[in-house]
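Encoded as structure tokens, the structure appears first; notes follow it.
Only the coordinates and a few stated rules stand behind these numbers; no lab work does. Just so it is clear, the structure is predicted and the values come from calculations on it, not from any experiment. Using ideal geometry, Cβ is built from the backbone for each residue, glycine included, and neighbour counts are taken over all protein chains shown.
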Amino acid sequence: MRLVQTLVLVAIVGLFGFLSGVALMEAREAQRRPRIAESVDARRFRLFDQEGNLRAELGMPFGEPALFLYDSKGKPRAWILLDREGNARIMFVDANDQTLWTAPSVPVPQPQP
């Protein structure tokens, strides 16, 4: 009888030890996983490439939301924003700062004869 009680006690201790180890392994694994926030609050977000160059920026530089996209040399090439009246604006420019496309379209002044 004493042998049976000892074996039962050893089995119980072994089971609890095993379950504790499993729980610790799961806790460590959870710590290794990247944490993804449900929300992030900020006034500005900046995205950099591997060389440390600014490539995108989301913020409120003029008091209204704006998204800027930069080329590899740091020149702004595209942006989406709301103007002060709340109208949406989109613009794309080339490497020489010449407008490629804009919405809504901006009237181009015609030379006077």
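Working from Cα pairs under 8 Å separated by at least six residues, relative contact order for the chain is 11 percent. How much of the calculated P(r) for the range 44-103 lies past 16 Å, in percent of all Cα pairs? Percent of Cα pairs beyond 16 Å in the range 44-103: 47. Only one residue of Met25, Gly63, Ala78 has its Cα farthest out toward the positive end of the dipole of the chain, where Lys and Arg carry +1 and Asp and Glu -1 on Cβ, and that residue is Met25.
Convex hull volume of the C-alpha atoms in the chain, normalised per residue: 175 Å³.
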